[in-house]
Amino acid sequence: MTDFLLELRSEEIPARMQVKAKEDLARLFNDALAKAGLAAASVETFATPRRLALIATGLPMATEAVSEETKGPKLGAPPQAMEGFLRKTGLTQDQLIERDGVYFAVVEKAGRQTADVLAEAIPAIIRAFPWPKSQRWGAASVSTESLRWVRPLQGIVALLGDDVVPCEIDGICSGAATMGHRFHHSGAIHIANAADYAAKLRDAHVLVHFSERCRIIRDGAKAAAEAAGLTLVADEGLVVENAGLTEWPVPMLGRFDAGFLDVPQEVIQLTARVNQKYFVCHDKAGKLANAFVCTANIDAHDNGAAIVAGNEKVLAARLSDAKFFWEQDLKVALDDQAKKLAQITFHEKLGSVADKVERVAKLARWLVEEGIVKSSPERGGGARVASDGGGASPSTSLDADNPLHHPSDGPPPQKLADQAERAARLCKADLVTGMVGEFPELQGIMGGYYARAQGESDAVADAIRDHYKPVGQGDDVPTAPVTVAVSLADKLDTLAQFFAAGMPPTGSKDPFALRRAAIGFLSLLLQNDLRCSLKGMLVATGVGSSFAILEEFLIDRLKVQQREAGVRHDLIDAVFSLGGEDDLVRLLARVKALQAYISTAEGSNLLAAYKRAANILKGSDPVSPALDTARDALMADPADIALLGALDIAEPQAKKALEAEQFEDAMAALATLRAPIDRFFEEVMVNDEDAAKRAFRLGLLARFRDAVTQVADFSKIEG
């Protein structure tokens, strides 16, 4: 057994591609080995900006001899079939083996040297490598058949044990020599074998382990900030990106003019992160500090003073641009910016962004006026009356617009509706600002700053800032009423319009992020406990007949979302399929109560009894039993009377509990049926020869089924 080293050295590999490239190299290499009947004990991959490498341990020096058997035509098959099989196998008919009336081609293959297998595999791996983007170079690039790589390939190290595996691709021959750090080392480095690869490169200021570079950056950036009395703003994505940009990372602290802190901190952080790959810092008060941490790719003789100075100069230029955009944008009112939205197309079938804003504004207002979004969910934004039954008590301050409204309840409905509409009309205005043009990631955030600066209320400014939320799993879900109204309206309009235009998601394709919009819409409804009719909301969008398709889509998304929260999709179906239940908050409360009950032994047994009853009732025409006559006629059978009596009590109790939305109580009422239905099945014959008894018992089962179905369609429940 021996080890194998492969290094593919090139010009700089983009940082964002390196992690995936390591995975792809391991996969392609293992596939190539498997095809040859080989397997390594372990495979480890490495990536730096200038190289992609792999070490495989425990490889045999040769493959084992194998016997390959191929089934052929039957005896007496047409001559054409035999001729085709012989061409395929390269054998003559007398070389075939006949077994049970069928010809077989048996080819004995001798073992191969592992070095020969690798010599063939390396060029194949290089040509098949799935880079997201690749390029051709040099004189050969005029041909589409020439080599493609992420950046020009410069060298190949291929060592099996201490020996070079000879191979060549487009004039690049394998060897044992590589290059060290671009600045810290000159000349070639001779690699003896896989075991000394990492150490030899470390001596040449190249850390081949991606995880080691990440650790150095993570710990070094934190230490640099702490040495200055600051706290680093952790950013693992930035750690990974800097690790992909450096072979010898050295974190260093720099400063920028404190005057730039007048610019919104998100702008500074994004400028530093996106443009320069810098970490930012907080001061002891938790506020953004005028400091950053950059990651050099060199261990400088002056301890990095020149590098820091250069980075400070570059960042100052970037922040100067950002400050200019900020100051210029502040000179234009958001109302004037919003007028420019008519010139921006939202979608060719759906009009301009201004058209969307108009729809969202109307929807946001409607959500408030319909009482779906309220200023005080606990009290429904309701009035508070003074304790003496008359006017306000001396300690109670009343809103001037509503003499029965208390300030702690939030804004009165009319004011809330006005705020929601105002925020909606301004929520997209920052799309035409200079700052968002430079940093699209700041849309909404900048609008909130501009709104506050021009004197809009905090509620309106916050709604503009947060109306895109939630934008993904784990994102904060807004709870402020104005924000909820605008965010809900924005997502509802997007969903409704694209579905009405016949552009729903298909398969894995979702170009307009409608699945994400649906999850955001559902999260807003559920986490804010918004009580409303889903159909009513969809109808309010004016999408017409397409709302049924959208409703089905939203229910499917609800199942996906709730499955991650541990809620069973079949129980959602069981409740929703009853019809008439499209208040999703109530539906989920019902589902969760059902799931809690079904998970008990009692609930499981009741489900089994329901399914047994449903099977018996298939194809029958049950008669509903009359209470008095039934008791008179069938007093001889106590099991019938026990079930009938239990139904008389449980049915109205479950119905009353459901109407009061006390779903646990409804389940408790159904639970009382478990013992009498079990006794019923044990003691009586449903399909009795006596027609009256048979009809009565079928009627009892129908009542039992219908009583249970008040809560959910148990036929939809799995198990």
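Could you tell me whether region 141-235 comes out rounded, prolate or oblate from its Cα gyration tensor? Rule is a ≥ b ≥ c as square roots of the eigenvalues, rounded for a/c under 1.5, then prolate if a/b exceeds b/c, otherwise oblate.
prolate
Quick one: ranking 149, 131 by accessible area, 1.4 Å probe, largest first, what do you get?
Final ranking, largest accessible area leading: 131, 149.
Within region 246-273, whose backbone N sits under 14 Å from a point 7 Å along Cα→Cβ of residue 321?
Once the point is set 7 Å along Cα→Cβ of residue 321, 268, 270-273 turn out to lie under 14 Å by backbone N, inside region 246-273.
Pulled fully out, how much extra length does the chain show between residue 92 and residue 188, if you take 0.36 nm times their separation in residues and subtract their Cα-Cα distance?
29.1 nm
Order 184, 301, 467, 190 by their accessible area, 1.4 angstrom probe, all chains in place, largest first.
Result of the area sort, largest leading: 301, 190, 184, 467.
Compute, for region 202-261, the length of the dipole vector about the Cα centre, with Cβ point charges of +1 (Lys, Arg) and -1 (Asp, Glu) only. Units Debye, rounded to 20.
Rounded to the nearest 20 debye, it is 100 debye.
Per residue of region 176-193, in order, report the coupling 6.51 cos²θ - 1.76 cosθ + 1.60 (Karplus, θ = phi - 60°) as ³J(HN,Hα) in whole Hz, putting x for Gly and Pro.
Taking θ as phi minus 60°, the curve returns 10, 10, 9, 10, x, 4, 4, 10, 8, 8, 10, x, 7, 10, 8, 9, 6, 6 Hz for region 176-193.
Heads up, I need the accessible area for residue 277: 1.4 angstrom probe, whole protein in place, Å², nearest 10.
About 50 Å², ignoring ligands and nucleic acids.
When ligands, DNA and RNA are left out and all protein chains stay put, how many square angstrom of accessible area per residue does region 198-326 have with a 1.4 Å probe?
Accessible surface, normalised per residue, equals 45 Å².
Sort 282, 181 by accessible area with a 1.4 Å probe, largest first.
Output order, biggest surface exposure first: 282, 181.
Express in nm, to one decimal, how much length is gained between residue 65 and residue 202 on full extension, taking 0.36 nm for each residue of separation and deducting their alpha carbon distance.
Working it through step by step, the gained length comes to 45.2 nm.
Whenever you get a sec, compute what percent of the accessible area on region 517-621 sits on carbon and sulfur atoms (1.4 Å probe).
Carbon and sulfur atoms account for 50 percent of the accessible area of region 517-621.
Could you size up the charge dipole of the chain around its Cα centre, putting +1 on the beta carbon of Lys and Arg and -1 on that of Asp and Glu, and report it in debye to the nearest 20?
For the chain, the charge dipole is close to 1200 debye.
Using a 1.4 Å probe on the protein heavy atoms only, what accessible surface does residue 141 show? Give it in Å² to the nearest 10.
50
On full extension of the chain, what length is gained from residue 333 through residue 601, given 0.36 nm per residue of separation minus the C-alpha to C-alpha distance?
90.0 nm
Among all helices in the chain defined by DSSP H, which have a length of 27 Å or more along the axis from Cα atoms plus a Kyte-Doolittle mean of at least 0.5?
Membrane-span-like by this rule: 481-500.
If you put +1 on each Lys and Arg Cβ and -1 on each Asp and Glu Cβ, how big is the dipole of region 131-237 around its Cα centre, in Debye rounded to 20?
360
How large is the Kirkwood hydrodynamic radius of the chain, in angstrom, based on all distinct alpha carbon pairs?
So the Kirkwood estimate lands at 33.0 Å.
Whenever you get a sec, compute what percent of the accessible area on region 1-143 sits on carbon and sulfur atoms (1.4 Å probe).
Taking all protein chains in place, region 1-143 shows 52 percent carbon and sulfur surface.
The values are calculated or read from the model by the stated rules, or taken from the named source; none is laboratory data. What you are looking at is a predicted structure, and each value in this text was computed from that prediction instead of being measured. Quick reminder, even Gly has a Cβ in these numbers, built from the backbone with ideal geometry, and neighbours come from all protein chains shown. Note: areas computed on protein heavy atoms with side chains; ligands, DNA, RNA excluded. Shrake-Rupley method; radii C 1.70, N 1.55, O 1.52, S 1.80 Å.
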